[in-house]
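Beneath this line is the structure, given in structure tokens, with notes to follow.
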Amino acid sequence: MAEITEVSKQKSVSLSDRQKDVIQKFAALGSLFVLISVFSFTSSAFFTIDNGMTVALQVTSIALLGIGATCVIITGGIDLSVGSVLALSGVVAALAVKDYGTPIWLGMIIGILTGSLCGWINGFVVTRLRLPPFIATLGMMLIARGVALQITGARAVSGLGESFGELGNGSFLRVVNIGDDGFPTVIFPGIPYPVILMVVIAVAVSFMLNRSVLGRHIYAVGSNPDAARLSGVNVSRIVSFTYVLSGTLAGLTGCVLMSRLVTAQPNEGVMYELDAIASAVIGGTSLIGGVGTISGTAIGAFVIGILRNGLNMNGVSAFTQQIIIGLVILVTVWIDQLRNRR
């Protein structure tokens, strides 16, 4: 009888967490619609197809990093290194192509694997050396940035060729009409490849979290690691997997971003880790672990992206934008803390 009561309590808690997550997600979705309405009213160029594709393209970096951050945070961890890992992976891919004549596709894979290696090291330090995730990933943030600056001599890697920019600047279903004067007119800008990549990865990771045993184990570790361990879950392996996933997505983001620039910048990605964490928390992921969804993170990423885009269109300075987004992050975390206390 006691066992049945305990199971009922666990189910009740699970349902409560799910309800909180849904409420937070709808709140973020409501904020998104409010931002779209306000900026559409203040700027006639905001609610257009071209600007919509621009926003989607700008959001890809935040969303991809946010997906990895969500999985890590669900297990009760944190990853502060993704911005630096992004830069390191991008310059490694660029150097492989430029200095060693590696095919572009192979150079991109090397860059992504570099991110995976950094994620594996984070997982090893957290699970085997038992360092707090904050300290472990803070160390990796400094190491990865330092290595990126060291191998490039703190200079941008340029001269990569137009083909290097195909992944970041290409688009699907682009429609161009050649007029009688011989000049092209863009009928539809097409769906950028990074946006397609973002959607595919978001759907795949969401399916993994909600429909697979691995996903259930990730939530279990974040909810109660001791109970998960007693149930036969390899907690260390699950935690390590989330850090490897986060590092891999950071590596992918770095390759996509450097491809967009057609130049590898070792100083790229500064403060991106905060955008990733913010997108996850805005979308309902709890910093204490056990709660979070990829769809919520996607909404959070668009909230940040649309906020930046709309403020730019209204002539708000970059410094003021930092203040506003910082306040949004503080308020969101505060709401998360209130939610958990209740």
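The values are calculated or read from the model by the stated rules, or taken from the named source; none is laboratory data. As the structure is a prediction and not an experimental result, all values here were calculated from the model. Here Cβ is always computed from backbone atoms with ideal geometry, including for glycine, and neighbour counts include all displayed protein chains. Remember, those area values only see protein heavy atoms, side chains included, never the ligands or the DNA or RNA. Shrake-Rupley method; radii C 1.70, N 1.55, O 1.52, S 1.80 Å.
What to note about this one:
- None of L129, L80 is in contact with a helix residue (DSSP H, G or I) (Cβ under 8 Å, 6 or more places away or on another chain), open to solvent by 10 Å² or more (accessible area, probe 1.4 Å), within 12 Å of S246 (Cβ to Cβ) and not in a helix (DSSP H, G or I) except L80.
- Those helices (runs of 4 or more DSSP H) lying entirely in the stretch 157-268 with at least 3 residues among the small types (G, A, S): 193-211, 213-223, 235-261
- Here the condition is being modelled with pLDDT of 90 or more and not hydrophobic (A, V, I, L, M, F, W, C); of G296, G289, it holds for G296 alone.
- Matching residues, the stretch 272-328, being aliphatic (A, V, I, L, M), surrounded by 19 or more Cβ atoms within 10 Å (Cβ to Cβ) and assigned to a loop (DSSP other than H, G, I, E, B): V291
- Candidate set from the stretch 150-165 (those that are in contact with a helix residue (DSSP H, G or I) (Cβ under 7 Å, 6 or more places away or on another chain) and in contact (Cβ under 8 Å) with a residue 60 or more places away in the chain); member that is surrounded by the most Cβ atoms within 10 Å (Cβ to Cβ): F164
- Whichever residue in the stretch 87-120 is without any contact (Cβ under 8 Å) to a residue 40 or more places away in the chain and not small (G, A, S) and, among such residues, is least open to solvent (accessible area, probe 1.4 Å): T102
- If you go through the stretch 133-149 and keep only what is in contact with a helix residue (DSSP H, G or I) (Cβ under 8 Å, 6 or more places away or on another chain) and either among the small types (G, A, S) or not in a helix (DSSP H, G or I) (or both), you end up with A136, G139, A144, A148.
- Looking across V303, V331, one residue alone is within 18 Å of T70 (Cα to Cα) and either of a type in the set (A, V, I, L, M) or at pLDDT below 90 (or both). It is V303.
- Of G215, G254, all but one fail to be open to solvent by less than 10 Å² (accessible area, probe 1.4 Å), touching a residue at least 60 places away in the same chain (Cβ under 8 Å) and within 19 Å of the chain's Cα centre (by Cα); the exception is G254.
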